[in-house]
Structure formats: C-alpha cells, structure tokens
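Structure first, commentary second.
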Amino acid sequence: MRTNAHLWFVGPALILMVLILLLPIGIAGGLSLTDYALGNPGANFVGLENYSDIFTRSTYERMFGATFRYVLVVVPLTVGLGLGAALLITSVTRFGDLYKTIYFLPVMAALIAMAIVWEFALHPTVGLINNTLESLCGTWAEALVRHGCAEGFPHWLGDRDYAIWTICFIGIWQGFGFNMVLYLAGLTSIPRELYHAAEMDGARSGWERFRLVTWPMLGPTTVFVVTISVIRSFQVFDTVEALTDGGPSRSTYVMMYAIYEKAVQQNLMGIGAAITIVFLLFVMVLTLIQRWLVERRTHYV
C-alpha cells in the first residue's frame, strides 16, 4: 500500500524554500515592474522601464563596470592564493597551525574593526601605507613630484583611479583564507598512494606531482571554490559601504551597494527590485557557465 509519508519529510523544506527564497524573488519581480516608492500609497505599472534605465543610463553602466572589475580581479586571485597557501601549509613540518590561523584571521575580522584599520592605514597623509612608501623611497618620490611626474602618494580611497583596486585588494586579503580552508580539506582527501604511483611512473619533481596528481584530484574542490568565490564577489557590499559609499565618482558603485542605495536610502523600491533581479540573473548565469567550463576539465573519483 502506497502512502504519502515522504511528503511529510520534504514538505517543511519545500515550504521554507518557498517562503524564504521563491516568494521574495516573486515579490521583487513584481515590484520591478512598478515605480513603487516606500511610503507612497500606491504604485504605477511601468513595465520594463526600470530595466531599460538599468541598461541605458551611465550611472548603471559604471555599476556594471565596477562590479565586473571586482569579480574578474578578486575571484582568480583568491582562488590562486588560497590554493598556494594550502599547498604551503601542507608542505611545512612546523608551525602549520600558526600559518592556518594567520591566513584565516581576515575571514573572521569584524567589519567595523576592519574598516577602522584599513581607513587609517590608507589615509593619504598619516596612513601607515603612504608613510611606509615615503620612508622606503622618499628621495626618489620627491624627485618625481618636483619634476611634475607625480602629484604625490595615492589617495587610495579618495581617487577614482585607485579606489576600486584598493577595494579589490581588501577583498583578496579578506577572502583567500576561506578558499585556503576548502583546499586544505581537498588536499587531505587525496590518497597518498597516488603520489607513490606517480613517482614510480617518473613524476619526480614537485611540479610533476602537482600537475599529474594534485590538480586533477582537486577538480571537485576547485568547482566548489570557484562557485563560492564568484557568488561572494558579486555580493561585496560591507567594504564599499564602510569605506567609500560607492565613490569617488561611482568608481566603487557595485551592484549590491546600488540596491542598498536605491531601495533603502532613496526608498525607490521599483528600481531597487529591478537591480536585484538583474543581479540574481547575472549570478545564476555566470555560475552555471563557470561550473560547466570547470567541470569539463574535472576528474572525479
């Protein structure tokens, strides 16, 4: 006799998924077709006008530019540095736990504390970074300024030519430790017998063992690490909100900050919801594409 007992087990999870995920997306999709502003008694249906504004106005062009610039810089570097740190830790015989702690500290750093430290370190006149640069190359830098080749040390957060790259650097510093932990888990799951077999087949150098054994066996881990890194990079908000507020000149105006500015600060829920839907579509499509590309070169066991 067939029963519907399985529905009692999957039902709560399905209900939570609808309430937490699908329902908010549906509401955002509906709001994105209106000009609804928080506090107004009603809303007018505007169709795809909000989406047209997103893809035609220069403000949102800078938003896309800042977002994709951040993702394209942070993702490969956090993945590469995370893998490198994991390989380094597994290769050392002493102080491995200390290295793990040091590399993972930025991941656990509180936002407010991190923002205060970086804002002070990057200050153009009293900051640690510019003062260090001045002490290391003071005479050379003064000569460049005197001859008009430079205007002084960079305003890391106040100059639109440097701000996005500074935010990228902070994102790399904050994120690669998380990827390191994931790669450490992947490295510990590789059977030692494979390395012995590779040595018997002629793989004598560390590079050959990495190329023939380690990297192929880390394929599933790499798929997961890249996917998580892409999603985390698109979600960058805290650093931008704490240090630059999307400036200067919209150079750090990433998508998550644009959603916050429109929907929360300006109460323009319609355009904020439209940016949210575009954001979700970008993340979903790019994640599927990169998973397909990576999995084509992945070896599973």
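So the values come out like this:
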item	result
Test result for Val107, modelled with pLDDT of 90 or more, within 23 Å of the chain's Cα centre (by Cα) and not charged (D, E, K, R)	no
Filter result (of a type outside the set (Val, Ile, Thr) and in contact (Cβ under 8 Å) with a residue 40 or more places away in the chain) within the range 34-63	Asp35, Tyr36, Ala37, Leu38, Gly39, Ala43, Asn50, Tyr51, Asp53, Tyr60, Arg62, Met63
Set Ser233, Ser249: member being at positive phi and touching a residue at least 60 places away in the same chain (Cβ under 8 Å)	Ser249
Qualifying position, being modelled with pLDDT of 90 or more and surrounded by fewer than 19 Cβ atoms within 10 Å (Cβ to Cβ), among Thr139, Thr222, Thr227, Thr188	Thr188
Which listed residue is among the aliphatic types (A, V, I, L, M) and either under 23 Å from Pro41 (Cβ atoms) or crowded, with 21+ Cβ neighbours inside 10 Å (or both), from Leu268, Leu281	Leu268
Some residue of the range 263-271 being of a type in the set (Gly, Ala, Ser), in contact with a Ser or Thr (Cβ under 7 Å, 6 or more places away or on another chain) and either in contact (Cβ under 8 Å) with a residue 40 or more places away in the chain or more than 28 Å from Thr222 (Cα to Cα) (or both)	yes
Which numbered condition Gly247 misses (of (1) within 21 Å of Met114 (Cβ to Cβ); (2) of a type outside the set (Phe, Trp, Tyr); (3) at pLDDT 90 or above)	(3)
Among the residues listed as Phe237, Phe176, Phe210, the single one being touching a Leu at 6+ places or on another chain (Cβ under 8 Å) and under 18 Å from Met108 (Cα atoms)	Phe176
Residue check for Val236: among the β-branched types (Val, Ile, Thr) and within 26 Å of Trp156 (Cα to Cα)	yes
Pick from the range 177-199, criterion in a helix (DSSP H, G or I) and of a type in the set (Gly, Ala, Ser), ranking: farthest from the chain's Cα centre (by Cα)	Ala197
Residue match in the range 200-212 (condition: of a type outside the set (A, V, I, L, M), under 29 Å from Thr287 (Cα atoms) and assigned to a helix (DSSP H, G or I))	yes
Which numbered condition Val117 misses (of (1) of a type outside the set (Phe, Trp, Tyr); (2) at pLDDT below 95; (3) closer than 30 Å to Tyr162 by Cα; (4) surrounded by 14 or more Cβ atoms within 10 Å (Cβ to Cβ))	(4)
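The values are calculated or read from the model by the stated rules, or taken from the named source; none is laboratory data. Predicted model, so just to flag it, every value in this text is computed and none were measured. Using ideal geometry, Cβ is built from the backbone for each residue, glycine included, and neighbour counts are taken over all protein chains shown.
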